[in-house]
Structure formats: structure tokens, C-alpha cells
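The values are calculated or read from the model by the stated rules, or taken from the named source; none is laboratory data. Being a predicted model, the structure only gives us computed values, none of them experimental. Quick reminder, even Gly has a Cβ in these numbers, built from the backbone with ideal geometry, and neighbours come from all protein chains shown. For accessibility, only protein heavy atoms count, side chains too; no ligands or nucleic acids. Shrake-Rupley method; radii C 1.70, N 1.55, O 1.52, S 1.80 Å.
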Amino acid sequence: MSWRTVIVSHSCKLDYKMGYLVVRSDEVKKVFLDEIAVLLIEDPAVALTGCLIEALTEKKIKTIFCDSKKNPVAELIPHHGSHDSSLKIRTQFAWPDHIKASIWQEIVAEKIRKQAEFLEEIEKRKESRLLQTYIGQVEGLDASNREGHAAKVYFNALFGMGFTRSADNATNAALNYGYSLILSTMNRVVSVAGYLTQLGIFHNNMFNYYNLSCDLMEPYRVLVDRYVYSHPNESFGVEEKHAIWGILNQEVVIDGRRQTVLNALKIFAYSVFDAISDQDCGKILHYQLK
């Protein structure tokens, strides 16, 4: 099982040889490809060979490319993530609206539940109780916008009444970066499963290439919020970016077993696909902290 997150932060050449990722710079380093779950290329000056790109695609390794500011801007996604992707895509286009409404209702309710649990842990009990009342008010496709109301209460409780998600500050930079990591990992899961990331359950922005992944990642955003809350910084630079990658290796409990967040994202997404296929929201598997 792949488990490593490999970060390439300096100019070099990446090659493939006999099952290994070969990093050629002042010295040569090798990493066994079967161990790699995520390859993050932070420096735009890094060169990759075609042979390595082919191997990364075959191994379904999530490969993320960053811009000059070391922020993720693109990723490597195979055209065919599953042997039956054509069938999966036809099925995805035919997902019934009433099932999508129920699935989104369940996802939003779980997201708010995770937010309320976190607020309770940090003794924001008044706000936690308010969010708990929202859970039962979530409707199909969240027509009452309980998610939006919960978000305002939640972020103000975490970071102060003057906090807004649109502000240009270190907290938002950390949140956005962490969310992008969860999103990118979910993109890999969706692609490998044979579905289209563009075609969402609730999200349907014509300019969003990752609508479905945006849907599925929602309950996992709270893991990023927890990290950022407990690691306040005046700035958000390279060291902070590298540290936040640890979220993917954090352990949670899902389906009765301890799993890394990296694995839990896959288990959760596949359970949602099963729930849609069987029209049974009870099949959705949610994570719990250890």
C-alpha cells in the first residue's frame, strides 16, 4: 500500500528506473514508486522524463505541481482511472436527483456535526450547541443553507468575530493550502474510481474542474481547521506548508479500523458511491478521531 508523501522542493531532474523514482541533482536519490501516494513538485524548474510520467500514471500516484510561490496549481490525472470508467461515467450522469439531494444532506449534516464536536472540545459550548441544532434542520440539497449559517458561527468562534474567509492573512492562507491538499487527494480517489471530477452531487460550477471532489471533501475540512487552530502563525511559508502535509498521515477511525486520512478519504468516497448506487445513505462511512 502506498503511504509516502514525497516533496521535491529544489530544481532537479526526475527520472524512472527499475521501479524507482530517481532524483538527480548534486546527488542521486531513489524512492520506490510503490511506496509513494503523493508526489508534490514545488519548484517549477523541476524536469520530468516521459518515462516517469507514464509510470506515475500507471501507479495512480497523485502528482501535484506548484507555482513559483509553492502553491498547488495543477496535477497529473489519468484519462482512464478504472477499467470500467465508461460505465461509471454513464452511471454518474444518470444519478437520480432525489438520491443526490439525500447524499448532500447527509454530507452537510456530517460536516456540521464535526464542526460542533470541535467547538465542544475547545469549550465553545454555546456555539457548539447552536451548530447541533442546525444538524436536524439540514434539508435535501441544504435548501435552508444550514451549511452557510454554521460556517459563519464556526469560524467566528475559532478565529474571532472579525474573521472573514476572504481576508488576506496567514490563517486563511493555511486553511486554503490545507483544503487544496484534501481536494487534490480526493481528486485522485475519484479519478481512480472511474468517475468524473467535473460532475458533482451538489457543486455544479461550470468553471470548477473538481465539483465532485469538492462535494466529497466537505467533512474532512475540519481536520484542516483543527490543525490551523492549534498551530497559529503570523506568516505562512515553506516550513508551514510542509508541516501541514502531516494531516494526510494523521490516523482516524473509519469502518471500525484505524486508517490514515489518506486511506480514509478513499474509504469514505467509495462508500458514497455505493450509497448512490444502492440508493441507501446508510452505507456512507464517516470517520471519527481516535
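Overview of results
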{"read-out": "Single unsatisfied condition, ARG113 versus (1) open to solvent by 10 Å² or more (accessible area, probe 1.4 Å); (2) among the charged types (D, E, K, R); (3) in contact with a helix residue (DSSP H, G or I) (Cβ under 9 Å, 6 or more places away or on another chain); (4) more than 27 Å from ASP274 (Cβ to Cβ)", "value": "(4)"}
{"read-out": "Residue in the range 148-183 that is nearest to VAL238 (Cα to Cα), counting only those that are in contact with a helix residue (DSSP H, G or I) (Cβ under 8 Å, 6 or more places away or on another chain), open to solvent by 30 Å² or more (accessible area, probe 1.4 Å) and touching a residue at least 60 places away in the same chain (Cβ under 8 Å)", "value": "THR171"}
{"read-out": "Scan of the range 269-287 for residues that are polar (S, T, N, Q) and either in a loop (DSSP other than H, G, I, E, B) or touching an Asp or Glu at 6+ places or on another chain (Cβ under 9 Å) (or both), ordered by number", "value": "SER271, GLN279"}
{"read-out": "Hits in the range 84-122 - residues which are in a helix (DSSP H, G or I) and among the aromatic types (Phe, Trp, Tyr)", "value": "PHE93, TRP104, PHE118"}
{"read-out": "The range 71-83: number of residues that are open to solvent by 40 Å² or more (accessible area, probe 1.4 Å) and either of a type in the set (Lys, Arg) or assigned to a loop (DSSP other than H, G, I, E, B) (or both)", "value": "5"}
{"read-out": "Selection from the range 58-70 of residues that are open to solvent by 40 Å² or more (accessible area, probe 1.4 Å) and out of contact with any helix residue (DSSP H, G or I) (no Cβ under 8 Å at 6 or more places or on another chain)", "value": "GLU58, PHE65, ASP67, SER68, LYS69"}
{"read-out": "Residue ID - least open to solvent (accessible area, probe 1.4 Å), chosen from residues in the range 1-57 that are acidic (Asp, Glu) and either touching a Lys or Arg at 6+ places or on another chain (Cβ under 9 Å) or touching a residue at least 24 places away in the same chain (Cβ under 8 Å) (or both)", "value": "GLU42"}
{"read-out": "Qualifying residue in the range 116-136 (condition: modelled with pLDDT under 95 and more than 23 Å from the chain's Cα centre (by Cα))", "value": "yes"}
